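Notes to accompany the following structure.
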Amino acid sequence: MSLFLSKLLPIFFYPLGLSSLLIAIALVNLLWKSRLSRNASPAKTSFTLFKKNRISSILLAIVLIILLFSSNEIFSKFLVRSLEWRYLPNGELPQAEAIVVLGGGTRPRISPRPWYEVNEAGDRILYGSWLYKQGKAPLLVVTGGRADWYSEGGNPESEDMAAIAEAMGVPASAIIQESQSFNTRDNAVNTKHILDQRGINKVLLVTSALHMPRSMEIFRKVGLEVIPAPTDFLAVNNENSKGFAIVLDLLPSAEALKNTTNAIKEYIGLFIYQLAGWA
């Protein structure tokens, strides 16, 4: 139940969820207070509705502002950079005792998929495997379970990542699976337990750059010596819109809305984890 609530409640703080909630409140308010004549023209009815229902008008105006801001590229990139660029790579990564790759980047092998698949965050396991092949650590720890009721269900995500890592040339003997976690806090606690049994404390942490600030705080909190190895960057250095491109960046974009939502998700997660003493 706690996992379900942790997925459900934050939705109403995200741009789309918050906008939907405000629209619903505005519509209920309109229906509740409407006392218009049945014989009024549609244009007059619409005008009178908004004139008599200022609360609904204000709520709808707020919704428009939320959607316009959260779905334009300029605001989205600003918010994304504020998280992603906290742990920018500074030269070559040092050696570590293990490479820890966080889940969230794969899709299970469910028909009609012929094999395991990666999503936007699939760079995590690709980069982690590449770091192993570069000799950065002798072990690759892949983390993540998968709740049966959430999304598509299926096998633990750690199994997906292990299979992909092996396909990239990482030997099975060098892969350790942590398959019981359902959030970043679980990742850290369970990984710490596994590594303690092997006397390991210094790790390279691989996750999406957007997710790295929260992950670093949590893994440090459990007592691991963590070196950030971010990947899956959404904001890069050469983005410099000019002329008509600036106008296009201001227009609503589903991709920008998605990135804004993910950034807000990270800020909310970091805030809640800090309140709980986990970060």
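The values are calculated or read from the model by the stated rules, or taken from the named source; none is laboratory data. It should be emphasised that the depicted structure is a prediction, and the values quoted were computed from it without experimental measurement. Quick reminder, even Gly has a Cβ in these numbers, built from the backbone with ideal geometry, and neighbours come from all protein chains shown. What goes into the accessible areas is simple: the full protein's heavy atoms, side chains included, and nothing from ligands, DNA or RNA. Shrake-Rupley method; radii C 1.70, N 1.55, O 1.52, S 1.80 Å.
Note on the chain: Cα-Cα pairs beyond 30 Å make up 42% of the total pair count.
Using only Cα atoms, tell me the angle between helix 212-221 and the longest principal axis of the chain; keep it within 0 to 90° and round to the nearest 10. For helix 212-221, the angle is close to 60 degrees. Give the range of the longest stretch in the chain that excludes all chymotrypsin sites (Phe, Trp or Tyr not before Pro) found in loop regions by DSSP and having at most 16 other beta-carbon atoms within 10 Å. It works out to 151-279. Among the listed pairs Lys136/Lys221; Lys136/Lys192; Lys202/Lys265; Lys133/Lys258; Lys133/Lys192; Lys133/Lys265, a Cα-Cα separation exceeding 25 Å is found for Lys202/Lys265; Lys133/Lys258; Lys133/Lys265. Where does the charge balance sit around Ala256 when Lys and Arg score +1, Asp and Glu -1, over other residues with C-beta under 12 Å from its C-beta? Here the count lands on -1.
Within segment 136-279, what whole-number % of the accessible surface is contributed by carbon and sulfur, with the 1.4 Å probe and all protein chains included in the calculation? Percent of accessible area from carbon and sulfur atoms in segment 136-279: 54.
Expressed to the nearest 5 percent, the antiparallel share of DSSP beta bridges inside the chain is 10 percent. The residues of the chain have, on average, 55 Å² of accessible surface per residue, using a 1.4 Å probe with all protein chains present. A simple count of charges around Ile194, restricted to other residues whose Cβ falls under 13 Å of its Cβ and scoring Lys, Arg +1 and Asp, Glu -1, yields -2. Model label points for Trp115 and Ala61, set 7 angstrom from Cα along the Cα-to-Cβ axis, are 5.6 nm apart. Find me the longest stretch of the chain that has none of the exposed trypsin sites (Lys or Arg not before Pro), where exposed means in a DSSP loop (not H, G, I, E or B) with at most 12 other Cβ atoms within 10 Å. With a cap of 12 other Cβ atoms within 10 Å, the longest stretch comes to 39-197.
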